[in-house]
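What follows is one structure encoded as structure tokens, with my remarks underneath.
The values are calculated or read from the model by the stated rules, or taken from the named source; none is laboratory data. Values in this document were obtained by computation on a predicted structure and should not be read as measured data. Backbone-built Cβ (ideal geometry, glycine too); neighbour counts: all protein chains shown. Note: accessible area is taken over every heavy atom of the protein model, side chains too, but ligands, DNA and RNA are not part of it. Shrake-Rupley method; radii C 1.70, N 1.55, O 1.52, S 1.80 Å.
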Amino acid sequence: MNDTNIKYVEKNDLCTGCGTCVALCPNEAIKLYINENKGIYIPKINEETCAKCSICINVCPRHEVNFNQLKSEIFKKNPDDYFIGKFLNCYTGNSNDFQIRYNSSSGGLITQLLIFALDEGIIDGVLVTRMKKDKPLEPEPFIARTREEIIDASKSKYCPVPANIALKEILKSGYNEKFAVVGLPCHINGIKKAEAINKKLKKKIVLKIGILCSHTNTFKGTEYLYTKLNIKKEDISKISYRGLGWPGKVAVKLKSGKEKKILLGTPLWKNFHDSCLFAPTYCLLCNDLTAEFSDISFGDAWLPEIISKERNGKSLLISRTKNGEELLNSAVNKGFIELIHIDSNKVIESQQTFLFFKKINIRDRIILRNFFKKNSIPIPNFTTQISFYNKLIAFASLINSYLGSKFMFLLCYVPIGFIKMYISLYYTLMSLSIKKDLIKPDKTKRSFNILILNAHWNNRGDEAAIRAMIDSFTSNMSVQSIKIMFNTDVRTDLQFSGKNSMEILVTFPFFEFKISFFVKFFIDFFLSLISLGHFAFSKKGKDFISAINDSNLVIHAPGGPSIGDIYSGRLNLYEYFYLYKLFLPKLKGKKVYIYAPSMGPFSGKFQNFIRKFILKKMDLIIVRDKISKKYLKDQLNLDSYLALDSAFQNDIPKTYLNQYFEINKILNLIKTQKVVGMTITDLNWHPSYINNTSLKNNIITAIENAIDFVTKKGYYVIILPQLFGLDKEIEKPLIDYIKSKNNKIFVLPQNLDSYAQQSIISNLFCVIGMRYHPNIFAAKMNIPSIAIYYEHKTKAFMKELGRLDLTINIEKINAQIIIDKFLYLEKNYDTIKRQITEKNPHLKEKSKKTTKLIINDLHKSKIDFQKSYN
Ligand SMILES: Cc1cc2nc3c(=O)[nH]c(=O)nc-3n(C[C@H](O)[C@H](O)[C@H](O)COP(=O)(O)OP(=O)(O)OC[C@H]3O[C@@H](n4cnc5c(N)ncnc54)[C@H](O)[C@@H]3O)c2cc1C
Ligand code: SF4
Ligand code: SF4
């Protein structure tokens, strides 16, 4: 192409209206206009002022560009992926500010990170796009310099956007000012080309935020949308294409004050956007979906496991440069955003349809286009064979776009359902073709399907330990799927609310006083053992076997002493269930690891024979305290590794509580008053104490009097329920009783998960923890606690913390002991808090050790990793 200006680009329907040429033209000879027939922006050149300098074509992203050369110059050695370009890491995530997350397109990460970069002084302003106030259907790119302006520009605009015209303002800015830019792939590619010839721009732009883009829609698309909603253009005062949760809604506000909304995914939305009926021709010739030249690219986390549950917003991101990665890490560490590491194949999976469309189907579209146009454009060269379906799709997509641009008015008369049916057919064809033509992910990379067994009970401590464990696996190795089986039925509505990628399996085997249970269990038990883990009789048994088959890493969950005497008195059978569940995967040759529970003590010859026989087969046994290690060695002659409770290892985002609107009163209390957190139990449920009524009475009197003392001293008390669902008989009556005795007692609502409890604890004066995990939570948040222990795990942890001086044996409990410990803590508060804070990093490292040990062991087994632990 031997041109001196961008006329060629415009004539051949290649111009995306990105605005780069407008901003970079030194003579201001180019302007963008909306072409009403096509519903897109087109550039017009003033031939009189045009100096024929060719700058416009040199910066135009739709003119010649050597992508491969640019990529290797910018990203040097980053791994390159044909579908998503060069990258360092891939994540899913969201802003921790609920308002931002809810009112943005997906997880609110772009808006949040821009505000963060502005507040941290990384940038002075950012190129973003809002809708014009006076012409509400037209986008307005501008440089935002305040938090309010950034928020005003949030949400995706599914119409043509000439974002890069605002580069002009960056070029005119003060000498030392630095900027971020937000744009679609075509905008970012224009900026990349402009930077190559304009060093000033290159110096000033320090962050490029790319938006994943399948295609945009012409202004005719918007017209179709409001016409179908029976709205006249002149009545509209505002339009938002996304926001209001996830996947979100289009909201059209009328001057009358009324508002009409359409949910994404409904037929009208599909006709407007998914159909490509209103995709401009330039989008059909675009081959960059993930903004391959940005520092970080953001999209929607369109993954089945997330779509099925997430309603507030979840983004998908690809970090490509050191700059981008540092910004993300810093925002995570300071608690502004939450990220989970994912495999790059997950990104491909989430964008599969349109990656196929842009990276494979494009060849046939260009062939067809060249057939009808005078000027040919280069055809991508693939070595893979492409099916006939591909040609049909290419043809259909060009027809769709033609129909949308020429017959929008007629389309408004076609019933929505009819177009939707046509689109369904189109997508069926597409999925057939994807199956045949999409290049399969690289099978040499190893991804893990993790099966977690023997997850314990319905309580927040175990929830925290399992969540932290999952976070550490997902951020340190490539995890494809996680299945988790609890030992009892769980309240999934309350637990793991933030964990979308997990599947919870039906508990098996589960004790029932029914003859059918025994028949099924024993048949399953023997059948599965005799067949070496291949057959089961019941559906639950079959599901368990297939979960084992699908896994390549089996983990015994962190938690209480599920293996050992403590629960054996009453629940002997359970321990055999737990051991059976570990044995079966071993029979099938799976890697099985014990992830830092407490264990023991062990007695009984036969039990010990079985315990030892099965535990010996484990690939690693890691325990969370020295006492458990000693029991294993002394009583079963088994070696184990020592780590610390799993819940200690991760950080809780600082803004985690923002999502709970209903606890304002409590938040205000903990910020303005001295508050003591308490977990209470009368051990009504504990096998060793269940019949000990005198101990139960002692506990209740001691707690009542101790609370009386503490509140008279001016403190408030917050009860931290441990079990999910206060309706649990074993916790509620005691909490109700204690609360009725004193009006300075508050109870945390039951919808607060373990992360919320930890955030609350970080604001308390101290915790009096009658259960194990509240003491862990307190130490983790650098808050002192008085531990009242009934099992060795709590005492062992307090010993590790160096705070045996703050422990009370449950059997010796009375009010005076609690009061004495409280007065002792009050007197030495600053020293104790400082000592705990100093100990904290060491304990965190120790807690991280379990995942490290497992990963090292997997390494030794010659299993490939995409990411190693550091
Ligand atoms: C036309 C279009 C097509 C898209 N296609 C896909 C897709 O195929 N797959 C996918 O996963 N995600 C796609 N997205 C991205 C997705 O909708 C979100 O923008 C992205 O997930 C970021 O979400 P967020 O909540 O972090 O953004 P927010 O916090 O809402 O911030 C969005 C930012 O993008 C800027 N912006 C919005 N629209 C435009 C635009 N048209 N041009 C330039 N800047 C803009 C805004 O000014 C704002 O700064 C598309 C977005 C657009 C606009
Ligand atoms: S730089 Fe952008 S607006 Fe200008 S001609 Fe190229 S694509 Fe069109
Ligand atoms: S599909 Fe390509 S050309 Fe079209 S708006 Fe998206 S990035 Fe720009």
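So for 803, 130, 311, what's the accessible-area order with a 1.4 Å probe, most first?
Numbers: 803 20, 130 50, 311 130 Å².
Descending accessible area places them as 311, 130, 803.
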Checklist entry - What does the accessible area per residue of the stretch 448-650 come to in Å², with a 1.4 Å probe and no ligands, DNA or RNA counted? => result 37 Å²
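Please report the orientation-averaged projected area of the stretch 661-847, defined via the convex hull of its C-alpha atoms, in nm².
10.2 nm²
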Checklist outcome for this item: Scoring only Lys, Arg, Asp and Glu (+1, +1, -1, -1) among other residues with Cβ under 11 Å from the Cβ of residue 242 yields +2
Next on the checklist: I'd like the accessible area for residue 839, computed on protein heavy atoms only with a 1.4 Å probe and all protein chains in place. Round to 10 Å², please.
Outcome noted: 70 Å²
Checklist outcome for this item: So residue 742 and residue 481, fully extended at 0.36 nm per residue minus their Cα-Cα distance, gain in nm 89.2 nm
Checklist entry - Among the aspartates and glutamates, which have Cα under 15 Å from the Cα of residue 713 when same-chain residues fewer than 8 positions away are ignored? => result 704, 820, 826
Checklist entry - How much net charge surrounds residue 807 when only other residues with a Cβ under 10 Å from its Cβ are counted (Lys, Arg +1; Asp, Glu -1)? => result +3
Item to check | Heavy-atom accessible area order for 577, 522, largest first, 1.4 Å probe | outcome: 522, 577
Checklist entry - How would you classify the chain from its alpha-carbon gyration tensor, with a ≥ b ≥ c the square roots of the eigenvalues: rounded for a/c under 1.5, else prolate if a/b is greater than b/c, otherwise oblate? => result prolate
Checklist outcome for this item: The answer for the stretch 671-815, accessible area per residue at 1.4 Å probe in Å², is 34 Å²
Item to check | Nearest-0.05 FRET efficiency for residue 395 and residue 550, computed from C-beta distance (R0 56 Å) | outcome: 0.90
Checklist entry - Can you pull the percent of the chain's accessible area that's carbon plus sulfur, 1.4 Å probe, other chains left in place? => result 55 percent
Item to check | Förster-model FRET efficiency, 25 Å R0, residue 651 and residue 311, C-beta, rounded to 0.05 | outcome: 0.50
Next on the checklist: Run through the stretch 581-655 and list the chymotrypsin sites (Phe, Trp or Tyr not before Pro) located in a DSSP loop whose Cβ has at most 12 other Cβ atoms within 10 Å.
Outcome noted: none
Item to check | Subset of 208/654; 199/359; 199/654; 238/671 violating a 29 Å alpha-carbon distance limit | outcome: 199/359; 199/654; 238/671
Next on the checklist: I'd like the antiparallel share, as a percent to the nearest 5, of DSSP beta bridges with both residues in the chain.
Outcome noted: 45 percent
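Per residue, how much accessible area does the stretch 133-264 show when a 1.4 Å probe rolls over the protein heavy atoms, in square angstrom?
Roughly 41 Å² per residue, with all protein chains present.
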Checklist entry - Based solely on its DSSP helices, what 222 nm [θ] is calculated for the chain when runs of n ≥ 4 H residues each add -39,500 (n - 2.57) and the sum is averaged over all residues, nearest 500 deg cm²/dmol? => result -12500 deg cm²/dmol
Checklist outcome for this item: For the stretch 448-650, shape from the Cα gyration tensor axes a ≥ b ≥ c, cut at a/c of 1.5 then a/b versus b/c, turns out rounded
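Residue 414: net charge of surrounding residues, Cβ under 11 Å, Lys/Arg +1, Asp/Glu -1, itself excluded?
Value of the local net charge: +2.
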Checklist outcome for this item: Cα-Cα longer than 31 Å, checked against 741/812; 514/741; 744/827; 203/373, kept in input order, equals 514/741; 203/373
Checklist entry - What order, most packed first, do the peptides 96-104, 555-563, 51-59, 427-435 have when packing is the mean number of other Cβ atoms within 10 Å of each residue? => result 555-563, 96-104, 51-59, 427-435
Next on the checklist: Need one number: nm distance between label points at residue 435 and residue 667, each 7 Å from Cα along Cα→Cβ, rounded to one decimal.
Outcome noted: 4.9 nm
Checklist entry - Longest span of the chain, sites excluded, free of GluC sites (Glu not before Pro) in DSSP loop with at most 16 other C-beta atoms within 10 Å? => result 178-511
Item to check | Separation in nanometres of the label points that stand 7 Å from Cα toward Cβ, at residue 371 and residue 833 | outcome: 7.6 nm
